[in-house]
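This report refers to the structure that appears directly beneath it.
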Amino acid sequence: MKYYPIFLSVKDRPCLVAGGGRVGARKTATLVSAGAAVTVVSPEICDPLAKMPGIHKKKRAFAPRDLDGMFLVFAATANAAVNQAIQVEAGKAGVLCNSADAPDQGDFILPAVMNRGDLICAVSTCGASPALARKIRMDLDEAYGPEYAAFLVLMKAIREQLLASGHDPEGHRQVFRTMMEKNLPGLLAAKDIPAIDAILHEMLGSGFTMKDLIPQ
């Protein structure tokens, strides 16, 4: 296995994006969506980055001191030599680095991602065929619609209420397996609340309705 697959928490962690163009803007937006504390350093800042709130912008060229205290860095400038130099400096500083123009030479690569709320599916071909990774991600997009995000919100609310009531965690497995077999995601897609409430009552008893579990 060429890479160790991992879902990494960057919430509130300082992360650096070196590069103020479209690639840097995409990397920054993804980090921000995951809750990272992002700093962007670049002599030029594109409009999407300039308008992006909540990030620290340094309008100048990268300097090794920019890596101080950083958790990870994206080398995303338009200059391959600069990106390579950033990667070298990151290695010296012990900071994880992804190089936009040479990802296989960095510490980590980014997969193709399908995101439905708490459902995150990541696909990688280890650089062998980005087109295949995109194709599989598109297949996942079609197979798992927005109803799966709502389904996970519901499952999380059920799990929290069961745990609060002292329900046996081992017993949760059969409950959730049965709910999948009863196609709750499909009922959510159809907005068939009475049918969902009937299943919840059958499986869990009183106090488990969509309105009780998810008031909004």
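At a Förster radius of 25 Å, what calculated FRET efficiency corresponds to the Cβ-Cβ distance of Phe71 and Ala128, to the nearest 0.05? Efficiency computed from Cβ-Cβ geometry: 0.35. Among the listed pairs Lys27/Lys57; Lys2/Lys92; Lys135/Lys156; Lys156/Lys211, those whose Cα-Cα separation exceeds 25 Å are Lys135/Lys156. The alpha carbons of segment 105-216 occupy a box of 55, 30, 25 Å along the principal axes, longest dimension given first. In percent, rounded to a whole number, the relative contact order of segment 14-109 is 27, using alpha-carbon pairs under 8 Å and six or more apart.
Every helix of 4 or more DSSP H residues in the chain counts as -39500 (n - 2.57), and over all residues that averages to -13500 deg cm²/dmol at 222 nm.
Give me the extension gain from Glu44 to Glu181: residue separation times 0.36 nm, minus the current Cα-Cα distance, reported in nm with one decimal.
44.0 nm is the gain from fully extending Glu44 to Glu181.
Set against the 2.2 N^0.38 Å expectation for a compact globular protein, segment 1-141 has a Cα radius of gyration ratio of 1.03. In the chain, taking the dipole from charged Cβ atoms about the Cα centre, the farthest positive-side position among Leu200, Leu16, Ala128 is held by Leu16.
Each of Ile86, Ile6, Ile199, Ile193 was scored by other Cβ atoms within 10 Å of its Cβ. Arranged with the fewest first, they read Ile6, Ile193, Ile199, Ile86. Between Tyr144 and Asn79, the simple spin-label model (points 7 angstrom out along Cα→Cβ) gives 4.1 nm. Using Cα atoms only, what is the angle between the long axis of helix 193-204 and the major principal axis of the chain, expressed in degrees (0 to 90) to the nearest 10? Its long axis makes an angle of about 80 degrees. Restricting the calculation to Cα atoms, segment 42-116 yields a radius of gyration followed by a Dmax of 13.2, 38 Å.
A short reminder: the numbers here are calculations on the coordinates, not readings from a lab. Since the structure is predicted, the reported quantities are computational estimates derived from the model, not experimental observations. As a convention, Cβ positions derive from the backbone with ideal geometry for all residues, glycine included, and neighbour counts pool all protein chains shown.
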